[in-house]
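Below you'll find the structure, written out as structure tokens, and then a few comments.
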Amino acid sequence: MAEQGKEKDDFQIKIGAKADESVNCGQCQGQFPAAQRYAYKGKKGQTVYLCEKCHEAAEKAFREETQNPNLAKAAVVGSLAALAAGVAWYLFSVLTGYQIGYVAIGVGFLIGHAVIWGSGKKRGPSLQIISAVITVVTLLVSQYFLVLFYLREYLLEHSAEFPGYNGQWLFVSPFEPDVLKAMFSPIGLIIWGVGIYFAYSLPKARSI
Ligand SMILES: [Zn+2]
């Protein structure tokens, strides 16, 4: 419940309270005694009031959102979204030559939503973990393939030093120190962290 008198809305209610001591429910619009109100922050930061009935209905809906998620379908849909996002990221980088780390945030966002959708619009800790794990794997795999691509470019540009190489697909272990060094940069890791945080937070159980 919001503290009385701290916000503008509360002042208005105080004034109104002298007249009829009631407020309107933000959900059903019904009037009810101001003393029974539940106050929340609305989407735009405004104060929203709910009556007892609507408050309980909202709590019940959020509780049900965490029950019986379809974990297998969440993992499949999340992985498909991850594959699409990873391929799109790779192609974009390869075709434009831009290496935009911020894509990692979009990847996490997309996977988070795909996992929620795949689970049957559910939320909860299991889905948070599925979403975060898929995002980490996607970022690692995409970055690895990009490093291989740029390595190939480098070898072709310096063909004098690598006379035997003529552009064939190459495989270098992801655990090769030089590959690891090319995959991870401090700023890149921070952006990855934001993307993974998004993926982990989106399927979080909601409460009122
Ligand atoms: Zn109501």
Residue in region 104-122 that is outside any helix (DSSP H, G or I), surrounded by fewer than 17 Cβ atoms within 10 Å (Cβ to Cβ) and at pLDDT 95 or above present
yes
Is at least one residue of region 163-175 outside any helix (DSSP H, G or I) and crowded, with 18+ Cβ neighbours inside 10 Å?
no
Taking region 38-93, which residues are assigned by TED's automatic domain parsing to the domain that holds Ala104, over 18 Å from the mean Cα position of the chain (by Cα) and β-branched (Val, Ile, Thr)?
Val87
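Given the condition within 16 Å of the ligand (Cβ to nearest atom), closer than 30 Å to Lys204 by Cβ, touching a Gly at 6+ places or on another chain (Cβ under 8 Å) and at pLDDT 85 or above, answer yes or no: does some residue in region 85-99 qualify? Break it down into steps so the answer makes sense when it comes.
Here is the first cut: in region 85-99, the residues within 16 Å of the ligand (Cβ to nearest atom) are none.
No, region 85-99 contains no residue that is within 16 Å of the ligand (Cβ to nearest atom), closer than 30 Å to Lys204 by Cβ, touching a Gly at 6+ places or on another chain (Cβ under 8 Å) and at pLDDT 85 or above.
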Of the residues Val94, Val115, which single one is within 22 Å of Asn68 (Cα to Cα) and touching a Leu at 6+ places or on another chain (Cβ under 9 Å)?
Val115
Enumeration of residues in region 160-174 that are at pLDDT 85 or above and polar (S, T, N, Q)
Ser173
Which of the residues that make up region 19-50 are within 12 Å of the ligand (Cβ to nearest atom) and either touching a Lys or Arg at 6+ places or on another chain (Cβ under 6 Å) or acidic (Asp, Glu) (or both)?
Val23, Tyr49
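Looking at this structure, is Leu139 surrounded by 21 or more Cβ atoms within 10 Å (Cβ to Cβ) and closer than 17 Å to Pro174 by Cβ?
On the way: surrounded by 21 or more Cβ atoms within 10 Å (Cβ to Cβ): yes; closer than 17 Å to Pro174 by Cβ: yes.
Answer is yes for this residue.
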Can you tell me which of Gln143, Gln128 is in a helix (DSSP H, G or I), closer than 30 Å to Lys60 by Cβ and touching a helix residue (DSSP H, G or I) at 6+ places or on another chain (Cβ under 8 Å)?
Gln128
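The values are calculated or read from the model by the stated rules, or taken from the named source; none is laboratory data. This one's a predicted model, so the numbers in the text were calculated from it and none came from an experiment. So basically every Cβ, Gly included, is an ideal-geometry build from the backbone, and we count neighbours across all protein chains shown.
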